[in-house]
Amino acid sequence: MNNFSATYTDQYQLAMAQVYFKKGQKDHSAIFDYYFRKLPFDGGYAVFAGLEDLLEVISNLRFDESDLEFLQSQGFEDEFLNYLKEFRFKGKIYSVAEGDIVFPTRPILQVEANIIEAQIIETILLNLLNFQTLVATKASRIRLVAGDATLLDFGLRRAQATGGYFATRAAIIGGFDATSNVIAAKNFNIPVSGTMAHSFVQSYDDELEAFRDFAQGRPEDCVLLVDTYNTLKSGVPNAITVAKELESRRQKLLAIRLDSGDLSYFAKESRKQLDAAGLDYVKIAASNQLDEYVIKSLLEQQAPIDIFGVGTNLVTGDPDGALDGVYKLACSNGKPRIKISESIFKVTLPHKKQVFRMKDESGKCIGADAIGLYHESTVEEMFHPFEPYKSMNLEKFNQEALLHKVMENGEILIDKRSLKEISDYSMTRLSELPIEYKRFNNPHIYKIGISETLRDEREKLIQASKQKLK
Ligand SMILES: Nc1ncnc2c1ncn2[C@@H]1O[C@H](COP(=O)(O)OP(=O)(O)OP(=O)(O)O)[C@@H](O)[C@H]1O
Ligand SMILES: O=P(O)(O)OC[C@H]1O[C@H](OP(=O)(O)OP(=O)(O)O)[C@H](O)[C@@H]1O
Ligand SMILES: O=C(O)c1cccnc1
């Protein structure tokens, strides 16, 4: 599923590329920045995800014969198509580590390549990074409230078609434990897990018989769905009967699952019945349109739920349709570039850049990232990107450079990490962020600033552009 054709792009990329090619500009260099403008879920941070998939996809990106035939049928010219036949991405990529926490308006990743290569990869880059970052952020918010509870991704059936595949990967990076999604589990080496559907219980005349057969099938990880008919009068008592039968065979029922009604009430009443039967080890799983707010509320009600299965709201990044990540030109053919906009917030930052995270002596983030030019080794004073009279002295902080070269000459430079490693890294980074940035309501705003040199360079380009218009 990671084999994408180079036609996984928008037509305008190819239309522009053909012009560069015909004008003899195919070897002109370009630098593009990837960043987003608005944090999803009105939250205080985002979790960067999708990098390893992107690098793998880019290193294998090709136009095959059928792609070229199709493009020919769309009016692309033979000489350009001959060039595309040999297309390989041979550029460099600098990136923040996958799993790190990231903030709006500062580069997360930079592409340095010839203009055609840099342009052709734009769409797949945005497609993979925006979606996985959105879902990893949602997952991380759910993990924040769920404490030690087990989190299962149940989203494949509700996802936007094949997006469910990458959503599962992102969910694990954000802190989920396992998934019901078999192909993602196989390909990404993720723990796979699952319970049973209502249809299984309905297909029997008798709920108890359905539970018995299911428990015989997979006794080691059996979870019984108890709400098909009547949770407390039938589902839980029948699950208890089966748990006792398993005990007589030295086996243990893993859990029951609740999927409707008041989950707090049913979890408490079910827990009482299980404990009274000496089954305190049988866990309680819950599902049904869960998200970070419902889970937080359930735990505040002290609902004894050990496992949460989350589908729709996780994999669709509800209520945000998408992360608004963009890919903007910062340099072309060696010259710094900006995009002027009516809105000062949308004026881009020129040049190849580095991003520095400010930390105190104990290694905690102080809540600020500074953007400097790539050759600057630290930023002494950072300026508000849009309100130049606001500045902050950074001399007393430790500064961590966040962008590292991850691809050169089209070759991946970083070692592949397991999703567990990326997830653990993400948790560590999140633990360095003060709690005020993690609350759901009006989180503290993380400061992003630019160095004096970058500010002056941008101002020069703004003035030059104004001169031209005169
Ligand atoms: N105790 C609770 N506290 C907070 N939210 C809850 C609680 N119990 C359930 N919810 C959430 O409330 C929402 C709707 O629950 P509701 O009981 O209406 O579900 P339903 O789909 O209508 O169930 P049913 O299948 O019984 O009709 C779901 O998102 C569910 O997760
Ligand atoms: O609510 P979500 O967060 O999206 O979680 C996934 C939902 O998908 C299943 O229901 P579905 O009705 O599809 O199948 P079922 O018959 O197995 O309950 C499951 O029981 C959950 O309720
Ligand atoms: O295993 C489950 O219980 C499951 C899987 C997918 C969707 N809903 C539930």
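If you rank T150, T168 by how much accessible surface each has, with a 1.4 Å probe, what is the order from largest down?
T150, T168
Run the numbers for H384 and F200: contour at 0.36 nm per residue of separation, minus the present Cα-Cα distance, in nm.
Result: 60.3 nm gained on full extension.
Any idea what angle helix 419-431 forms with the longest principal axis of the chain, computed on alpha-carbon atoms, 0 to 90 degrees, nearest 10?
Taking Cα atoms only, the helix is inclined about 80 degrees.
With each pseudo-label sitting 7 Å past Cα toward Cβ, what's the H404-D280 distance in nm, one decimal?
4.6 nm
For the chain, what does -39500 (n - 2.57) per DSSP helix run (n ≥ 4), summed and divided by total residues, give at 222 nm, in deg cm²/dmol to the nearest 500?
-11500 deg cm²/dmol, from helical runs alone.
Along the Cα-to-C-beta direction of R62, a point sits 7 Å from the Cα; which residues of the range 2-22 have their amide N less than 16 Å from that point?
In the range 2-22, the label zone of R62 (backbone N under 16 Å from the point 7 Å along Cα→Cβ) covers 2-8.
At a temperature of 25 °C and a viscosity of 0.890 mPa s, determine how fast the range 195-305 diffuses translationally according to Stokes-Einstein, using the Kirkwood radius over alpha-carbon pairs as Rh; express D in µm²/s, rounded to the nearest whole number.
The diffusion coefficient I find is 176 µm²/s.
In the neighborhood of N130, defined by Cβ-to-Cβ distances under 15 Å, what is the net charge if each Lys or Arg adds +1 and each Asp or Glu adds -1?
Charge balance in the 15 Å sphere: -2.
Kindly report, to the nearest 10 Å², the accessible surface of V145 as traced by a 1.4 Å probe over protein heavy atoms only.
30 Å²
What chymotrypsin sites (Phe, Trp or Tyr not before Pro) does the range 365-422 have in DSSP loop regions with at most 10 other beta carbons within 10 Å?
Y389
Per 10 Å bin from zero, what fraction in whole % of the C-alpha pairs of the chain is there, up to the bin with the longest pair?
4, 18, 25, 22, 15, 10, 6, 1, 0
To make sure I understand the rule: partners must be lysines, Cα under 27 Å from the Cα of K272, and not fewer than 8 residues away in the same chain. Which ones qualify?
K233, K244, K252, K283, K296
Report, to the nearest 10°, how far helix 207-217 tilts away from the longest principal axis of the Cα atoms in the chain, using its own Cα long axis and a range of 0 to 90°.
For 207-217 against the chain, the angle is about 60 degrees.
Counting only the backbone N, which residues of the range 272-295 are under 18 Å from the spot 7 Å out from the Cα of Q302 toward its beta-carbon?
Flagged as within label range: 272-276, 284.
Per residue, how many Å² of accessible area does the chain show with a 1.4 Å probe?
On a per-residue basis, the chain sits at 45 Å².
What share of all Cα pairs of the range 134-190, in percent, falls into each consecutive 5 Å distance bin?
4, 23, 33, 25, 11, 3, 0
Using only Cα atoms, find the angle between the long axis of helix 263-276 and the longest principal axis of the chain, and express it within 0 to 90 degrees, rounded to the nearest 10.
Value to nearest ten degrees: 40.
Only loop residues by DSSP count here, and only those with at most 14 other Cβ atoms within 10 Å; note down the trypsin sites (Lys or Arg not before Pro) in the range 423-453 that meet that.
Here the trypsin sites (Lys or Arg not before Pro) that fit, given the DSSP loop and packing criteria, are R439.
Run the reach check for K26 against lysines, Cα to Cα strictly under 21 Å, same-chain hits fewer than 8 apart removed. What comes back?
Correct list for K26: K85, K90, K92, K328, K335, K352.
At 1.4 Å probe size, with no ligands or nucleic acids counted, give the accessible surface of I58 in Å², nearest ten.
0 Å²
Rounded to two decimals, what is the ratio between the C-alpha radius of gyration of the range 1-118 and 2.2 N^0.38 Å?
Here the Cα radius of gyration is 1.22 times the empirical estimate.
Tell me the label-point distance for the pair Q273, I340, using the 7 Å Cα-to-Cβ offset, in nm and rounded to one decimal.
Between Q273 and I340, the label points sit 7.2 nm apart.
Using a 1.4 Å probe on the protein heavy atoms only, what accessible surface does E69 show? Give it in Å² to the nearest 10.
E69 has an accessible surface of roughly 120 Å² with all protein chains in place.
Rg and Dmax of the range 91-223, Cα atoms, in Å?
For the range 91-223, the Cα radius of gyration and maximum Cα-Cα distance read 19.8, 67 Å.
If r is the Cβ-Cβ distance from E459 to D262 and R0 is 56 Å, what FRET efficiency results, to the nearest 0.05?
Working from the Cβ atoms, E equals 0.40.
Just flag the trypsin sites (Lys or Arg not before Pro) in the range 169-235 sitting in loop per DSSP whose Cβ has no more than 15 other Cβ atoms within 10 Å.
none
Can you give the Kirkwood hydrodynamic radius of the range 1-60 from its Cα pairs, in Å with one decimal?
Taking every pair of different Cα atoms in the range 1-60, averaging 1/r and inverting gives 14.9 Å.
The values are calculated or read from the model by the stated rules, or taken from the named source; none is laboratory data. Computed from a predicted model, the values in this text were never measured in an experiment. In this analysis, Cβ positions are derived from the backbone assuming ideal geometry, glycine residues included, and neighbour counts consider all displayed protein chains. These area figures cover heavy atoms from the full protein model, side chains too; ligands, DNA and RNA do not enter into them. Shrake-Rupley method; radii C 1.70, N 1.55, O 1.52, S 1.80 Å.
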